[in-house]
Amino acid sequence: MLLAIDIGNTNIVIGCIKNDEILFKARIATDRLRTSDQYGVEIKNMLEAFGVRKEDIADCIIASVVPPVFNSVYTGVIKVIGKQPMVVGPGLKTGLNIHVDIPSQVGSDRIVAAVAALSLYEAPLVLIDMGTATTVEVVEPENTYMGGIIFPGVMISLDSLTSRAAQLPGINLDKPKNIIGKNTVDCMRSGMMYGTASMLDGVVDRIAEELGHKSTIVATGGMAQFIIPLCRHDIILEKELLLKGLNIIYKKNRR
(Lines give C-alpha, C1' and ligand atoms only; values in the text may rest on other atoms or scores of the structure.)
Protein backbone atom coordinates (compact mmCIF):
# COMPACT_ATOMS: atom_id res chain seq x y z
CA MET A 1 0.00 0.00 0.00
CA LEU A 2 1.29 3.46 -0.93
CA LEU A 3 0.95 6.42 1.42
CA ALA A 4 0.61 9.58 -0.69
CA ILE A 5 0.91 13.04 0.86
CA ASP A 6 0.46 16.45 -0.76
CA ILE A 7 1.51 19.40 1.43
CA GLY A 8 -0.41 22.52 0.47
CA ASN A 9 -0.44 25.98 1.99
CA THR A 10 -3.79 25.46 3.73
CA ASN A 11 -4.24 21.69 3.97
CA ILE A 12 -2.17 18.53 3.83
CA VAL A 13 -3.93 15.83 1.79
CA ILE A 14 -3.23 12.26 2.89
CA GLY A 15 -4.33 9.17 1.01
CA CYS A 16 -3.61 5.47 0.76
CA ILE A 17 -3.50 3.77 -2.64
CA LYS A 18 -3.54 0.05 -3.35
CA ASN A 19 -3.53 -1.46 -6.85
CA ASP A 20 -4.23 2.03 -8.28
CA GLU A 21 -7.35 2.39 -6.11
CA ILE A 22 -7.56 5.28 -3.65
CA LEU A 23 -8.74 3.66 -0.41
CA PHE A 24 -9.24 6.94 1.45
CA LYS A 25 -8.45 10.63 1.31
CA ALA A 26 -8.23 12.94 4.32
CA ARG A 27 -7.06 16.46 5.12
CA ILE A 28 -5.24 17.97 8.06
CA ALA A 29 -4.50 21.65 8.52
CA THR A 30 -1.07 22.89 7.46
CA ASP A 31 0.66 24.39 10.50
CA ARG A 32 4.19 25.77 10.22
CA LEU A 33 4.66 25.51 14.00
CA ARG A 34 4.00 21.78 14.35
CA THR A 35 6.94 19.50 15.03
CA SER A 36 7.74 16.22 13.32
CA ASP A 37 6.41 14.40 16.39
CA GLN A 38 3.08 16.21 16.14
CA TYR A 39 2.73 15.50 12.43
CA GLY A 40 3.73 11.90 13.02
CA VAL A 41 0.97 11.48 15.60
CA GLU A 42 -1.59 13.10 13.29
CA ILE A 43 -0.64 10.88 10.36
CA LYS A 44 -0.67 7.76 12.56
CA ASN A 45 -4.09 8.68 13.98
CA MET A 46 -5.45 9.33 10.47
CA LEU A 47 -4.26 5.95 9.24
CA GLU A 48 -5.80 4.20 12.24
CA ALA A 49 -9.08 6.08 11.75
CA PHE A 50 -9.37 4.49 8.30
CA GLY A 51 -8.29 1.05 9.47
CA VAL A 52 -4.76 1.16 8.05
CA ARG A 53 -1.87 -0.24 10.10
CA LYS A 54 1.62 1.13 9.67
CA GLU A 55 2.71 -2.39 8.72
CA ASP A 56 0.40 -2.14 5.70
CA ILE A 57 2.37 0.80 4.25
CA ALA A 58 4.95 -0.42 1.74
CA ASP A 59 6.19 3.03 0.73
CA CYS A 60 5.40 6.74 0.72
CA ILE A 61 5.61 9.66 -1.71
CA ILE A 62 5.39 13.34 -0.77
CA ALA A 63 4.84 16.50 -2.80
CA SER A 64 5.15 19.86 -1.09
CA VAL A 65 4.85 23.57 -1.89
CA VAL A 66 5.52 24.61 1.73
CA PRO A 67 9.25 24.27 2.48
CA PRO A 68 8.96 25.19 6.21
CA VAL A 69 6.52 22.30 6.75
CA PHE A 70 8.11 19.70 4.49
CA ASN A 71 10.90 18.61 6.84
CA SER A 72 8.52 18.15 9.77
CA VAL A 73 6.11 16.02 7.73
CA TYR A 74 8.95 14.05 6.08
CA THR A 75 10.55 13.23 9.44
CA GLY A 76 7.15 12.51 10.99
CA VAL A 77 6.39 9.95 8.26
CA ILE A 78 9.72 8.19 8.87
CA LYS A 79 8.89 7.94 12.58
CA VAL A 80 5.52 6.34 11.74
CA ILE A 81 6.32 3.90 8.92
CA GLY A 82 10.10 3.51 9.31
CA LYS A 83 10.77 4.23 5.63
CA GLN A 84 12.17 7.27 3.81
CA PRO A 85 9.50 8.75 1.50
CA MET A 86 10.08 9.48 -2.16
CA VAL A 87 9.94 13.26 -2.76
CA VAL A 88 8.53 14.89 -5.91
CA GLY A 89 11.19 17.22 -7.29
CA PRO A 90 14.06 17.56 -9.76
CA GLY A 91 15.50 14.21 -10.76
CA LEU A 92 12.29 12.22 -10.74
CA LYS A 93 10.84 10.93 -14.00
CA THR A 94 7.47 12.52 -14.77
CA GLY A 95 7.11 12.10 -18.53
CA LEU A 96 6.62 15.87 -18.97
CA ASN A 97 8.57 18.10 -21.33
CA ILE A 98 8.69 21.28 -19.27
CA HIS A 99 9.00 24.36 -21.48
CA VAL A 100 9.28 27.23 -18.99
CA ASP A 101 12.08 29.67 -18.16
CA ILE A 102 13.10 28.02 -14.87
CA PRO A 103 11.71 24.45 -14.63
CA SER A 104 12.78 24.08 -10.99
CA GLN A 105 10.38 26.87 -10.01
CA VAL A 106 7.29 24.97 -11.17
CA GLY A 107 5.39 23.84 -8.05
CA SER A 108 5.38 20.11 -7.46
CA ASP A 109 1.59 20.15 -7.13
CA ARG A 110 1.30 21.57 -10.66
CA ILE A 111 3.56 18.84 -12.03
CA VAL A 112 1.61 16.12 -10.22
CA ALA A 113 -1.72 17.43 -11.52
CA ALA A 114 -0.42 17.53 -15.09
CA VAL A 115 0.89 13.97 -14.90
CA ALA A 116 -2.45 12.71 -13.59
CA ALA A 117 -4.51 14.60 -16.18
CA LEU A 118 -2.39 13.21 -19.03
CA SER A 119 -3.10 9.69 -17.80
CA LEU A 120 -6.84 10.34 -18.09
CA TYR A 121 -7.21 12.69 -21.07
CA GLU A 122 -5.37 13.51 -24.27
CA ALA A 123 -3.56 16.81 -24.70
CA PRO A 124 -4.08 19.67 -25.36
CA LEU A 125 -5.22 20.27 -21.79
CA VAL A 126 -6.00 23.25 -19.61
CA LEU A 127 -5.77 22.33 -15.91
CA ILE A 128 -7.37 24.40 -13.14
CA ASP A 129 -6.36 23.80 -9.51
CA MET A 130 -8.42 25.79 -6.99
CA GLY A 131 -6.71 25.76 -3.61
CA THR A 132 -5.05 28.49 -1.57
CA ALA A 133 -4.03 29.91 -4.94
CA THR A 134 -5.88 29.24 -8.17
CA THR A 135 -3.56 27.98 -10.89
CA VAL A 136 -4.24 27.42 -14.57
CA GLU A 137 -1.80 25.26 -16.53
CA VAL A 138 -1.43 24.48 -20.22
CA VAL A 139 -0.24 21.12 -21.50
CA GLU A 140 0.17 20.69 -25.25
CA PRO A 141 0.59 17.47 -27.28
CA GLU A 142 3.73 15.36 -26.71
CA ASN A 143 3.30 16.06 -22.97
CA THR A 144 4.65 19.58 -23.38
CA TYR A 145 4.11 21.66 -20.24
CA MET A 146 3.84 25.26 -21.46
CA GLY A 147 3.35 27.15 -18.17
CA GLY A 148 0.25 28.94 -16.97
CA ILE A 149 -1.33 31.47 -14.64
CA ILE A 150 -1.44 31.96 -10.86
CA PHE A 151 -3.87 34.25 -9.05
CA PRO A 152 -5.27 34.48 -5.50
CA GLY A 153 -7.59 31.69 -4.45
CA VAL A 154 -11.22 32.16 -3.55
CA MET A 155 -10.72 32.10 0.23
CA ILE A 156 -7.70 34.42 0.12
CA SER A 157 -9.74 36.94 -1.87
CA LEU A 158 -12.69 36.59 0.49
CA ASP A 159 -10.56 36.90 3.63
CA SER A 160 -8.86 39.98 2.22
CA LEU A 161 -12.20 41.58 1.41
CA THR A 162 -13.75 40.97 4.83
CA SER A 163 -10.62 41.97 6.75
CA ARG A 164 -10.23 45.29 4.92
CA ALA A 165 -13.89 46.30 4.70
CA ALA A 166 -15.23 46.76 8.24
CA GLN A 167 -18.93 46.46 7.36
CA LEU A 168 -18.64 43.32 5.21
CA PRO A 169 -19.31 40.04 7.06
CA GLY A 170 -17.85 36.60 6.52
CA ILE A 171 -19.92 34.40 4.19
CA ASN A 172 -20.20 30.78 3.13
CA LEU A 173 -20.06 29.56 -0.46
CA ASP A 174 -23.65 28.48 -1.05
CA LYS A 175 -24.69 28.85 -4.68
CA PRO A 176 -26.14 32.34 -5.24
CA LYS A 177 -29.82 32.38 -6.20
CA ASN A 178 -29.29 35.28 -8.60
CA ILE A 179 -26.40 37.19 -10.11
CA ILE A 180 -27.91 40.43 -8.74
CA GLY A 181 -27.80 40.30 -4.95
CA LYS A 182 -30.52 41.96 -2.86
CA ASN A 183 -28.54 42.21 0.37
CA THR A 184 -24.89 42.50 1.42
CA VAL A 185 -24.29 38.78 1.92
CA ASP A 186 -25.88 37.83 -1.41
CA CYS A 187 -23.96 40.58 -3.19
CA MET A 188 -20.67 39.31 -1.75
CA ARG A 189 -21.49 35.68 -2.50
CA SER A 190 -22.48 36.48 -6.07
CA GLY A 191 -19.42 38.64 -6.62
CA MET A 192 -17.00 36.08 -5.23
CA MET A 193 -18.45 33.00 -6.93
CA TYR A 194 -19.76 34.32 -10.24
CA GLY A 195 -16.80 36.70 -10.41
CA THR A 196 -14.32 33.82 -10.08
CA ALA A 197 -16.28 31.65 -12.53
CA SER A 198 -16.35 34.48 -15.07
CA MET A 199 -12.63 35.07 -14.59
CA LEU A 200 -11.91 31.41 -15.31
CA ASP A 201 -14.14 31.49 -18.40
CA GLY A 202 -12.31 34.58 -19.63
CA VAL A 203 -8.86 33.11 -18.98
CA VAL A 204 -9.78 29.90 -20.83
CA ASP A 205 -11.00 31.95 -23.82
CA ARG A 206 -7.76 33.96 -23.92
CA ILE A 207 -5.65 30.78 -23.69
CA ALA A 208 -7.55 29.29 -26.64
CA GLU A 209 -7.05 32.51 -28.58
CA GLU A 210 -3.30 32.51 -27.88
CA LEU A 211 -2.85 28.82 -28.74
CA GLY A 212 -5.13 28.90 -31.74
CA HIS A 213 -7.18 25.90 -30.63
CA LYS A 214 -9.48 24.70 -27.85
CA SER A 215 -8.38 22.24 -25.15
CA THR A 216 -9.93 19.74 -22.77
CA ILE A 217 -10.43 21.55 -19.47
CA VAL A 218 -9.96 19.70 -16.17
CA ALA A 219 -10.38 21.17 -12.67
CA THR A 220 -9.41 20.00 -9.20
CA GLY A 221 -8.86 21.46 -5.72
CA GLY A 222 -11.01 22.12 -2.68
CA MET A 223 -12.79 25.19 -4.10
CA ALA A 224 -13.48 23.71 -7.53
CA GLN A 225 -16.72 21.99 -6.50
CA PHE A 226 -18.24 25.37 -5.62
CA ILE A 227 -17.06 27.44 -8.59
CA ILE A 228 -16.79 25.11 -11.59
CA PRO A 229 -20.59 24.45 -11.84
CA LEU A 230 -21.03 28.21 -12.37
CA CYS A 231 -18.62 28.34 -15.33
CA ARG A 232 -19.98 28.43 -18.87
CA HIS A 233 -17.25 26.25 -20.35
CA ASP A 234 -17.47 22.46 -20.25
CA ILE A 235 -15.04 21.68 -17.41
CA ILE A 236 -14.39 18.17 -16.05
CA LEU A 237 -14.16 18.00 -12.26
CA GLU A 238 -11.54 15.54 -10.96
CA LYS A 239 -11.43 15.58 -7.15
CA GLU A 240 -8.63 12.98 -6.78
CA LEU A 241 -6.21 14.35 -9.38
CA LEU A 242 -3.26 14.97 -7.04
CA LEU A 243 -3.38 11.54 -5.40
CA LYS A 244 -3.65 9.87 -8.81
CA GLY A 245 -0.64 11.86 -10.01
CA LEU A 246 1.43 10.94 -6.97
CA ASN A 247 0.67 7.27 -7.58
CA ILE A 248 1.75 7.53 -11.24
CA ILE A 249 5.00 9.34 -10.43
CA TYR A 250 5.77 6.80 -7.70
CA LYS A 251 5.36 3.92 -10.16
CA LYS A 252 7.61 5.66 -12.70
CA ASN A 253 10.36 5.96 -10.10
CA ARG A 254 9.77 2.93 -7.89
CA ARG A 255 12.83 1.80 -5.98
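Values for this structure:
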quantity	calculated
Cleavage-rule hits (trypsin sites (Lys or Arg not before Pro)) in region 70-133: DSSP loop, at most 15 neighbouring Cβ within 10 angstrom	LYS83, LYS93
For region 114-121, Karplus couplings with θ = phi - 60° (6.51, -1.76, 1.60), whole Hz, Gly/Pro x	5, 4, 5, 4, 5, 7, 10, 9
Hz values of 3J(HN,Hα) by residue in region 217-222 - Karplus curve (6.51, -1.76, 1.60), Gly and Pro given as x	10, 10, 10, 8, x, x
For the chain: accessible area per residue (Å², 1.4 Å)	51
Karplus (6.51, -1.76, 1.60) ³J(HN,Hα), θ = phi - 60°, over region 229-244, in Hz, Gly and Pro reported as x	x, 8, 6, 8, 6, 7, 10, 8, 9, 10, 6, 9, 4, 5, 5, 4
Sorted peptide list for 153-164, 216-227, criterion being average Cβ within 10 angstrom, highest first	216-227, 153-164
Beta bridge orientation in the chain: antiparallel %, DSSP, nearest 5	60
Percent of Cα pairs exceeding the 34 Å cut-off, where the set is the chain	22
Spatially proximal aspartates and glutamates relative to LYS79 (Cα-Cα < 17 Å; intrachain offsets below 8 disregarded)	ASP37, GLU42, GLU48, GLU55, ASP56, ASP59
Flagged links, alpha-carbon separation over 23 Å, of LYS177/LYS214; LYS83/LYS252; LYS25/LYS244; LYS93/LYS214	LYS177/LYS214; LYS93/LYS214
Simple spin-label estimate for LEU120 and ARG232 in nanometres, 7 Å along Cα-Cβ	2.6
Within the accessible area of the chain (1.4 Å probe), percent carbon and sulfur	50
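The values are calculated or read from the model by the stated rules, or taken from the named source; none is laboratory data. Keep in mind that what you see is a predicted model, and the values were worked out from it rather than measured. Ideal geometry is used to build each Cβ from the backbone, glycine not excepted, and the neighbour counts take in all protein chains shown. Quick note on the areas: whole protein, heavy atoms, side chains included, nothing else; ligands and nucleic acids left out. Shrake-Rupley method; radii C 1.70, N 1.55, O 1.52, S 1.80 Å.
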